Amino acid sequence: MQKTILYLIFTLFLSNLALAQEEYYFPGEKFDPNIPSPSQFLGYPIGDWHTRYDLIVKYFEKLDQISETAQLQTIGYTHEHRPKVILTIASAKNMGNLEQIRQKQLQLADPSQSKPDVSTMPSIVHLGYGVHGNEPSSAEAAILTAYWIMASQSDLAKNLRENMVVHIDPTLNPDGRDRHSLWANSNKGFPPVADPLDREHNEAWPGGRTNHYWFDLNRDWLPLAHPESRVKVEWYHQWYPNVTTDFHEMGTNSTYFFEPTKPFGSENPVVPRKNYDDINPRFAKYFAKYMDEIGSLYWTKEVFDNSYPGYGSTYPDIHGGLGLVFETASSRGHLQASQRGDISFAFTIRNHVVNSLATMEAALDNRVYLHDYLREFFESAAAEGGKDAAKSYVFGDEFDDGRNRLFVRFLLDHKIKVYENSADLTVDGQAFKKGKSWVVPTNQPQYRMVRTMFEYVKEFADSVFYDASAWTMAAAYGMPFAAAATAKSGTEITTVATPEFTFPEGKAYAYLIDWSDYYAPKILFELQKTGIHVEAIHGAFSSQTQDGKVEFAAGTMMIPMGFQKLKAEEVSSKLKELAAKNGQKVYAVQTGLNLSGIDLGSNKVSAIQQPKVLMVVGTGINSYEAGEIWNLMDQQLGMPFTKINTEQFGRVNLHDYTTLIMPSGNYNTLSEGSVNHLKDWVNRGGTIIAMKNASLWLNQKGITKEAAVELADAPKDPEVLPFDTRNDFEGAKEVGGSIYLAELDLTHPIAYGYHRNNLPVYRNTDIFIAPSADKYLTPVKYTANPHLGGYISKTNLEKLKLSAGVVISSSGQGRVVHFFDSPNFRGTWFGTNKLFLNAIFHGDNMD
Ligand SMILES: [Zn+2]
């Protein structure tokens, strides 16, 4: 009895507490007392702390346990092994029919099937939060929104539960979220400090925006370089949500942004106009209504880019849904001073909560309309594809199975239909071999994604880009491809397997492995790690192998059996194992006397030194570029290397390393002593790989002497321009990110493994460097007509035509390899990764 009274008092106290603590977000709202509120569960009101990711998951687990209207799934894991979860909420009846609801949604999105009766179908809403870890209000809003949908007694919430299936992804980027939360919580003052200069508001490098490898996951929906996005997109294609949200934060002095985005200028060319002209304005009315109610300021139609398909708010637009980006002013920390007074964390959270509710209300009111649109979208896609002059795209690199596999798998991940090419084919003067090439027909529901993969876009309504203006993925993968007037094809491809080659058993004088495959550097690293001695053959030749006469290009790896520390059987068994694992063909030869070209003991053959690599990171360094390199070394090569902070550079003994990578950044903090040590090390044979403005710093310090491109008759800016044109005028001069055709010197070691002298490259810098004064040391320059896709100003294009992509500067016994393009961009430029890896493995042969 006493216990019951105590319990009653306790629960009464708790529900009053809940009422008080959630009152700010949901004034006057009644909630089901059987569902614990976030403040009851966490022990603090939302907004008081940055909620740790494991606690968000724990709260969602609780909701799953106590009610049949919620279900939590783990769809994968992040690099740091945090679970990626999705909480699904719907009425108990709909939860019981969830699989049938999903199947109907898939049927709706598939024009080859009959259209289901949409009048009875619930709308599918995906609320995505927290892709940027240091924009933390969104995940807190996710917690409150989940609670509201499940526990609110309002008519709207009841209606939603009956007629909608809501999927909540509380944090697209849990690793970055926790990095930031730890910072904000551990630097919080009591009372909170609003001064923007306080440590709480200024995270340490690289900040929490990005994931484990310092990648912006709000660029990764297209590249799928990371597990967070791969599982997300896989999940997306299981549901085809009608609406998908993406909640962000912007500057503290700003207000709130919701779509529509800037008309035409920031829109994607393949998305139907109806999305921008009709659906977005319908939704905007709801956002405005909710924001007006709480008196929060907002804006629309300016600045935010909505064109790049890798954004979480653009990818859904290319899949028959509505993708929505929201941005709130940030308190970055718990309280921060702004031009409108102090902004609290709770204020920013409330902005996202009301827009979450507004999104659901709009999706509910437009339920049938959105279903009809989803159907129309895929029907019109297939129909437009059927009318395209290109009936299919043919692609494939006959020299590189590894990269072919990566690209085919990538297309399948985006649910694009791919077929075998059943005959040798020549299109636009390019030869595509049967078995080494594939066909993607344009007449398919994913036609708009097919265009995204294969089309170059050069005409734009605007000239200022927030980000990339080109994303032709076939070019990123370095795939030879062509648009074909016919769509003939063989069997449809559904899986991609590593090829199996027969290993040449028995005695060998030497083994040979071609350098053309994407995974050749990986097997080289693994062989060296095992203690196997490997040499590089710096010239073309042909040998008698187990398959008869074979032609080999410069860069081929040789394992000479007379110079191994391990026993012959150990070398061959290890080689066999690694070759099978990496899908590499191994040739055995019984003599060093070649059939043509240089012999195996030529002076043009040299031992490949096992690289010991160091990369500068930390304050002042471009974390994206450094992260792309780290990701390449870990995920593609499996090669450990040292990342040294700029602050510790003075302690390093460079003579312990063969190669120093300097990403773009500010190196002025390095001491005079460090600069001298660097000079001495390079002069004694070290290799520096310098990216973009790191090269300018090396020039400044006299370590290299490369010259900038100057145009004799460059147009001058007008002396006076209207004040409000400043952003557009200056922005148009930047190279936001676009694709160019470069010309390779195939005889230079940087081009080992390449067979065509033309290669698409990605560039996002306006640093233009002239070819080297030494006429042999500009192995990558631009073609006479280099512009393939994306925006560039006329003046910059003229400069580009005169500039170099890669230059080598000799310095004593050592050298600097300068990259002015982005060979590892977003973990997706597989076509240019080998230029960079060649600098690591063959740097000492480059000058
Ligand atoms: Zn953001």
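The values are calculated or read from the model by the stated rules, or taken from the named source; none is laboratory data. Here the structure is a predicted model, which is why all the values come from computation and not from measurement. Positions of Cβ are generated from backbone atoms using ideal geometry, with glycine treated the same way; all protein chains shown enter the neighbour counts.
Observations, loosely collected:
- Identity of the residue in the stretch 418-439, crowded, with 19+ Cβ neighbours inside 10 Å and touching a residue at least 60 places away in the same chain (Cβ under 8 Å), that ends up nearest to Phe399 (Cα to Cα): Asn421
- Failed item, numbered, when Gln648 is tested on (1) outside any loop (DSSP other than H, G, I, E, B); (2) touching a Phe, Trp or Tyr at 6+ places or on another chain (Cβ under 9 Å): (2)
- Val675 being touching a residue at least 12 places away in the same chain (Cβ under 8 Å), surrounded by 13 or more Cβ atoms within 10 Å (Cβ to Cβ) and out of contact with any strand residue (DSSP E or B) (no Cβ under 9 Å at 6 or more places or on another chain): yes
- Lone unmet requirement of (1) part of a loop (DSSP other than H, G, I, E, B); (2) surrounded by fewer than 21 Cβ atoms within 10 Å (Cβ to Cβ); (3) modelled with pLDDT of 95 or more for Lys775: (3)
- Leu412 part of a helix (DSSP H, G or I) and surrounded by fewer than 16 Cβ atoms within 10 Å (Cβ to Cβ): yes
- The selection criterion, being in a helix (DSSP H, G or I) and touching a residue at least 12 places away in the same chain (Cβ under 8 Å), does not hold for Thr747.
- Which listed residue is buried (at least 23 other Cβ atoms within 10 Å of the Cβ) and away from the ligand (no atom under 15 Å from the Cβ), from Leu217, Leu222, Leu197: Leu222
- Filtered by the rule that a residue be surrounded by fewer than 23 Cβ atoms within 10 Å (Cβ to Cβ), among the small types (Gly, Ala, Ser) and assigned to a strand (DSSP E or B), the stretch 322-356 gives Ala337, Ser338, Gly341, Ser344.
- Against the list (1) more than 18 Å from Phe501 (Cα to Cα); (2) touching a Ser or Thr at 6+ places or on another chain (Cβ under 8 Å); (3) surrounded by fewer than 21 Cβ atoms within 10 Å (Cβ to Cβ), the condition Ala554 fails is (3).
- Among residues of the stretch 697-715 that are touching a residue at least 40 places away in the same chain (Cβ under 8 Å), those with a beta-carbon under 6 Å from a residue that is in a loop (DSSP other than H, G, I, E, B) at least six positions away or on a different chain give the pairs Leu698/Thr704; Ala707/Ala770; Val709/Phe768; Val709/Ala770; Val709/Leu802; Val709/Ser803.
- Residue match in the stretch 728-744 (condition: assigned to a loop (DSSP other than H, G, I, E, B), touching a residue at least 60 places away in the same chain (Cβ under 8 Å) and hydrophobic (A, V, I, L, M, F, W, C)): yes
- Condition check for Thr252: within 12 Å of His126 (Cβ to Cβ) and at pLDDT 95 or above: no
- Selection count where residues are basic (Lys, Arg) and surrounded by fewer than 16 Cβ atoms within 10 Å (Cβ to Cβ), scope the stretch 577-599: 1
- Test: residue in the stretch 568-581 that is in a loop (DSSP other than H, G, I, E, B) and either in contact (Cβ under 8 Å) with a residue 24 or more places away in the chain or among the aliphatic types (A, V, I, L, M) (or both): no
- Residues considered: Thr486, Thr498, Thr502. Of these, the only one that is touching a helix residue (DSSP H, G or I) at 6+ places or on another chain (Cβ under 9 Å) and either part of a helix (DSSP H, G or I) or more than 26 Å from Val761 (Cβ to Cβ) (or both) is Thr498.
- From the options Thr494, Thr486, Thr498, residue that is farther than 27 Å from Tyr587 by Cα, of a type outside the set (Asp, Glu) and modelled with pLDDT under 95: Thr486
- So Val243, is it surrounded by fewer than 21 Cβ atoms within 10 Å (Cβ to Cβ) and away from the ligand (no atom under 16 Å from the Cβ): no
- Of the residues Gly789, Gly843, the single one that is under 30 Å from Asp401 (Cβ atoms) and crowded, with 24+ Cβ neighbours inside 10 Å is Gly843.
- Single unsatisfied condition, Lys781 versus (1) at pLDDT 95 or above; (2) of a type in the set (Lys, Arg); (3) within 28 Å of Lys679 (Cα to Cα); (4) in a loop (DSSP other than H, G, I, E, B): (4)
Per-residue answers, yes or no, for (1) away from the ligand (no atom under 14 Å from the Cβ); (2) part of a loop (DSSP other than H, G, I, E, B):
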site: Lys188; (1), (2): yes, yes
site: Tyr213; (1), (2): yes, yes
site: Val231; (1), (2): yes, no
site: His248; (1), (2): no, no
site: Pro260; (1), (2): yes, yes
site: Pro269; (1), (2): yes, yes
site: Tyr276; (1), (2): yes, no
site: Ile279; (1), (2): yes, no
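- Test for Gly208: is it within 16 Å of the ligand (Cβ to nearest atom) and not aromatic (Phe, Trp, Tyr): yes
- When Trp205 is tested against (1) hydrophobic (A, V, I, L, M, F, W, C); (2) buried (at least 19 other Cβ atoms within 10 Å of the Cβ); (3) out of contact with any His (no Cβ under 9 Å at 6 or more places or on another chain), just one condition goes unmet, and that condition is (2).
- In the stretch 305-321, residue nearest to the ligand (Cβ to nearest atom) [restricted to those that are part of a loop (DSSP other than H, G, I, E, B), within 13 Å of Tyr276 (Cβ to Cβ) and touching an Asp or Glu at 6+ places or on another chain (Cβ under 7 Å)]: Ser313
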